[in-house]
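The values are calculated or read from the model by the stated rules, or taken from the named source; none is laboratory data. Source: prediction; values computed, not measured. FYI the Cβ positions are ideal-geometry reconstructions off the backbone, even for glycines, and counts take in every protein chain you see. Quick note on the areas: whole protein, heavy atoms, side chains included, nothing else; ligands and nucleic acids left out. Shrake-Rupley method; radii C 1.70, N 1.55, O 1.52, S 1.80 Å.
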Amino acid sequence: MLKVDNIVTRYGTIEALKGLSLEACEGEVTCLLGPNGAGKTTTLFTIAGILKAHSGSITFEKDNLTNLSAPGIVRKGVALVPENRLIFPQMSVEENLVAGAFARPRKDSPAIDADLEGIYERFPRLKERSTQPGGTLSGGEQQMLAIGRALMARPKIMMMDEPSLGLAPIIVEEIFDIIRLLNKEGVSILLVEQNARMALKVAHRVYLLEGGKVTFNGNPQEMQQDEVIQRAYLGAGSV
Amino acid sequence: MDDFWFEFVEVTQSIGDGVLFGSTYALIGIGFTLIFGAMGKLNVAYAAAAMAGAYSSLAIYILFDAPLVVIFIVSAICAAILGYLVYLTCFRFIPVHNHLAALMASVGGLFFIDEVIVHATRGSPLAFPSMFSEAYFEVGPYGIRGDLLFVFFIGLISTGVLLYVLFRTRLGLATRAVAQQDVAARLCGMSIHLTNSTTFAVAGLLGGIAGAMTAAAVGILSPVMILPLTIKGLIVTVIGGLGSIPGAIIAGLFVGGFENVVMYFRGIDERDMYVVALLFIFLVFRPNGLFGKTITRD
Ligand SMILES: Nc1ncnc2c1ncn2[C@@H]1O[C@H](COP(=O)(O)OP(=O)(O)OP(=O)(O)O)[C@@H](O)[C@H]1O
Ligand SMILES: [Mg+2]
């Protein structure tokens, strides 16, 4: 479905991605693990068109995304819930959600209204706070808002960058329930996580990123069987 | 007692006149603040582009004897186009994080526009048509000048329309989104360049109206009006709080009233000196202005 082929992405002269390839399949949860600075965020930003790949190609379904701008990529059905949520702090919760549907054509507006109601049903807490500025929400609520905002674009694949970052365990559970549910509803997911234990429970396929390259790829069982990885990322002996 | 009463009426009258004229400063301040809010950068060429808009509309007046409404519209449109050109030449291709380069480019823009106007008019002032300058209303001991009232209402309407666009339309949503979180705005499908150029054009519309208002209130257009308008616009922006629209409105009216009352006591020669002193007082005691930041990048 989404195919990343041998991309190189640079910040100035620093090469953050050094020929990275991966594939996310339709209907699956694909998980990207890796230490800090491995290039996970850079990968998602390059796919989303926030950063430009220096070389390599990105294709989604039949479309070549490599040279599209960020707005063009959302329109193809690829959305990103960014690291640290990046809520519009002074806009109301409802405006944040409506902004998520910006890429959709104007004639979609009845469907957009219906989707907004759908988001409110999914996240009742957002409905309660619909007129409150986004910046005043708690971390967990902001994460729900960021997910809701991305869903407003009606993505076929949703990329999520560390959605559990800085959240209490109970909220993390909630976020992972949402990921499972969305996936069941047919949204493919490309998930970046530090919380490997939780991530492996929802993932169909796992990629391990180190130093801007994929160093392992397989299904969660294979990953858990690999001793080196087990020690480094899952804590030895206890899965 | 009678002397005191007379003095009191004169002083409040001059404050009132100044506040009405201050609506032009408010509009210019809103323009500066809008662009600052969107990009986090000062467009110093802004007021010059606004005056250039007024000059273009004067050409329409001289050539076709167009009515004043048309002159205002033409001034607004020309200043919007110039605003867009300033964006293209001074901001569009300069790296986002290079604030100094953008600032210097827009200072260059200011002097360039100024030079072009001086060259085209040989530096001499031109008469600008005013409206309702014969009208005069008496309210108790006070008199309200029709032309100032007109200028004030135009300012009020323009501000109202701007706030509507900013808070009730798709364009306004994108403008605020780009200003608050540009990465998220792009992820939502908003184009930064498109939004920024529209912001410059919309600010230009306001500037063109303000330029025509200033000229209509004073009755002339002259290149020597460009620098003071730029400086007062910047002062208003700082006093109001960079990025704050309500701040720019209040500060604009305040500076208008302040400079007029200073003029009443100290004469026109000393007026601008006190206005600049006001800037220093604010920078020292309230550097974030009256309203801090409300629509800036976080
Ligand atoms: N704006 C930037 N300028 C220069 N270098 C950057 C920039 N952003 C990231 N990098 C570098 O690129 C590399 C990859 O960063 P990236 O943010 O993609 O890592 P990550 O895997 O998401 O890490 P984390 O788990 O901490 O979020 C790092 O070495 C980082 O220092
Ligand atoms: Mg990251």
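Along the charge dipole of the protein assembly as shown, Cβ charges K/R +1 and D/E -1, which of B:Ser14, B:Ser158, B:Val107 sits furthest on the positive end?
Positive-most Cα among the choices belongs to B:Val107.
Per residue, what volume in Å³ does the Cα convex hull of region B:144-298 take up?
About 120 Å³ per residue, rounded to a whole number.
If the viscosity is 1.306 mPa s and the temperature 10 °C, what translational diffusion coefficient in µm²/s does Stokes-Einstein give for region A:11-70 when Rh comes from Kirkwood over Cα pairs?
Taking Rh from Cα pairs, D becomes 126 µm²/s.
Which of the residues in region B:183-214 lose at least 30 Å² of accessible area when you go from the chain alone to all protein chains together (probe 1.4 Å)?
Residues losing area: B:Val183, B:Ala184, B:Arg186, B:Leu187, B:Cys188, B:Gly189, B:Met190.
Leaving out ligands, DNA and RNA, and with a 1.4 Å probe, what % of the accessible surface on region A:86-208 is carbon or sulfur?
Carbon-and-sulfur percentage of accessible area, whole number: 54.
Which whole-number percent is the relative contact order of chain B (Cα, under 8 Å, 6+ apart)?
On the way: 521 pairs, mean separation 106.9, N = 298.
Computed value for chain B: 36 percent relative contact order.
Compare the Cα positions of B:Ala79, B:Pro125, B:Val139 along the charge dipole of region B:2-224 (+1 at Cβ of Lys, Arg; -1 at Cβ of Asp, Glu; about the Cα centre) and return the one farthest towards the positive end.
So the residue we want is B:Ala79.
Across peptide A:90-99, what mean number of C-beta atoms from other chains lies inside 10 Å of a residue's C-beta? It would help to have the intermediate numbers written out before the result.
Numbers: counts 9, 7, 0, 0, 0, 4, 5, 0, 4, 13.
Partner Cβ neighbours, averaged per residue: 4.
Using the Kirkwood formula on the Cα atoms of chain B, what hydrodynamic radius do you get, in angstrom to one decimal? It would help to have the intermediate numbers written out before the result.
Values: mean 1/r = 0.0514 Å⁻¹.
Its Kirkwood hydrodynamic radius stands at 19.5 Å.
Would you kindly work out the equivalent ellipsoid of region A:61-105 from its C-alpha gyration tensor and give its semi-axes, the square roots of five times the eigenvalues, largest first in whole Å?
Over the Cα atoms of region A:61-105, the semi-axes work out to 24, 12, 8 Å.
Could you pull the Cα extents of region B:45-113 along its three principal axes, largest to smallest, in whole Å?
Sorted largest first, the three principal extents are 46, 18, 14 Å.
What are the extents of the Cα atoms of chain A along their three principal axes, in Å, largest first?
Principal extents (Cα only, largest first): 49, 41, 32 Å.
Which residues of region A:30-57 show a drop of at least 50 Å² in accessible area when all protein chains are present, compared with their chain alone (probe radius 1.4 Å, heavy atoms only, ligands and nucleic acids excluded)?
Residues passing the criterion (a loss of at least 50 Å², heavy atoms only) are A:Ile50.
Within the set of other residues whose C-beta is less than 15 Å from the C-beta of B:Gln13, count the net charge using Lys and Arg as +1 and Asp and Glu as -1.
Numbers: positive: B:Arg145; negative: B:Glu7, B:Glu10, B:Asp17, B:Glu138, B:Glu259.
Residues near B:Gln13 contribute -4 overall.
Have a look at A:Thr136, A:Thr43, A:Thr66 and tell me which one the Gaussian network model of chain A (Cα, springs below 10 Å) gives the largest fluctuation.
Answer for the Gaussian network model of chain A: A:Thr136.
Given a Förster distance of 41 Å, report the FRET efficiency between B:Glu134 and B:Leu194 from their Cβ-Cβ distance, rounded to the nearest 0.05.
0.35
Taking both sides together, what accessible area is buried at the B/A interface, probe 1.4 Å, expressed in Å² and rounded to the nearest 100? The partial results should precede the final answer.
Numbers: alone 14470 and 11340 Å², together 23840 Å².
About 2000 Å² of accessible surface is lost on pairing.
Would you work out which of B:Gln180, B:Leu148, A:Leu17 lies farthest towards the positive end of the dipole of the protein assembly as shown, given +1 charges on the beta-carbon of Lys and Arg and -1 on that of Asp and Glu, about the Cα centre?
Going by the charge dipole, the pick is A:Leu17.
Pairs A:Lys52/A:Lys76; A:Lys3/A:Lys62; A:Lys76/A:Lys201: which exceed 20 Å Cα-Cα?
Violating the 20 Å limit, Cα to Cα: A:Lys76/A:Lys201.
Dipole magnitude of region A:38-139 about its Cα centre, charges +1 at Lys/Arg Cβ and -1 at Asp/Glu Cβ only, in debye to the nearest 20?
I would put it at about 280 debye.
Considering only protein heavy atoms, what per residue accessible area in square angstrom results for region B:2-224 with a 1.4 angstrom probe?
With all protein chains present, region B:2-224 gives 44 Å² per residue.
If we sort A:218-230, B:212-224 on the protection proxy, mean other Cβ atoms within 10 Å, highest first, what's the order?
Per-residue Cβ counts within 10 Å, averaged per peptide and sorted highest first, yield B:212-224, A:218-230.
I'd like the FRET efficiency for A:Val228 and A:Arg10, computed as 1/(1 + (r/R0)^6) with the beta carbon distance as r and R0 of 25 Å, rounded to 0.05.
Efficiency computed from Cβ-Cβ geometry: 0.30.
If you put +1 on each Lys and Arg Cβ and -1 on each Asp and Glu Cβ, how big is the dipole of region B:2-224 around its Cα centre, in Debye rounded to 20?
1360 debye
With every protein chain kept in place and ligands, DNA and RNA left out, what is the accessible area per residue of chain A? Probe 1.4 Å, answer in Å².
The answer is 43 Å² per residue.
If I build a Gaussian network model for chain B, linking alpha-carbon pairs within less than 10 angstrom, which residue out of B:Tyr46, B:Tyr61, B:Tyr25 has the largest mean-square fluctuation?
Greatest mean-square fluctuation among the candidates belongs to B:Tyr61.
Comparing A:Lys76, A:Lys201, A:Lys18, which has the greatest mean-square fluctuation in the GNM of chain A with Cα pairs linked when under 10 Å apart?
A:Lys201
Students often forget the sequence filter, so: which lysines lie under 22 Å Cα-Cα from B:Lys41 once same-chain residues fewer than 8 apart are removed?
Reachable lysines: B:Lys232, B:Lys293.
Charges only on Cβ, +1 for Lys and Arg, -1 for Asp and Glu: so what's the dipole of region A:110-158 about the Cα centre, in debye to the nearest 20?
160 debye
Specify the inter-centroid distance of region A:42-109 and region B:220-248, based on alpha-carbon positions, in whole Å.
37 Å
With all protein chains present, how much of the accessible area of region B:183-298 (probe radius 1.4 Å) comes from carbon and sulfur, to the nearest whole percent?
73 percent
Given a cut-off of 16 Å, what percent of all Cα-Cα pairs of region A:140-229 lie beyond it?
Here the long-distance tail beyond 16 Å is 56 percent of all Cα pairs in region A:140-229.
Mind checking A:61-74 for the average number of partner chain beta-carbons within 10 Å of each residue's beta-carbon?
Mean number of neighbouring Cβ atoms from other chains: 2.
Residues of region A:144-158 that become at least 10 Å² less accessible with every protein chain present than in their own chain isolated, using 1.4 Å: which are they?
So the qualifying set is A:Arg149.
Of all the Cα-Cα pairs you can form in the protein assembly as shown, what percent are over 47 Å apart?
Tail of the P(r) past 47 Å holds 27 percent of the pairs.
Once phi is turned into ³J(HN,Hα) by the Karplus curve 6.51 cos²θ - 1.76 cosθ + 1.60 with θ = phi - 60°, what whole-Hz value does each residue of region A:216-225 show in order, with x for glycine and proline?
Those phi angles translate into 7, 8, x, 8, x, 4, 4, 5, 5, 7 Hz.
Give the distance, in whole Å, between the Cα centre of region A:163-229 and the Cα centre of region B:30-103.
Using only Cα atoms, the two centres lie 51 Å from each other.
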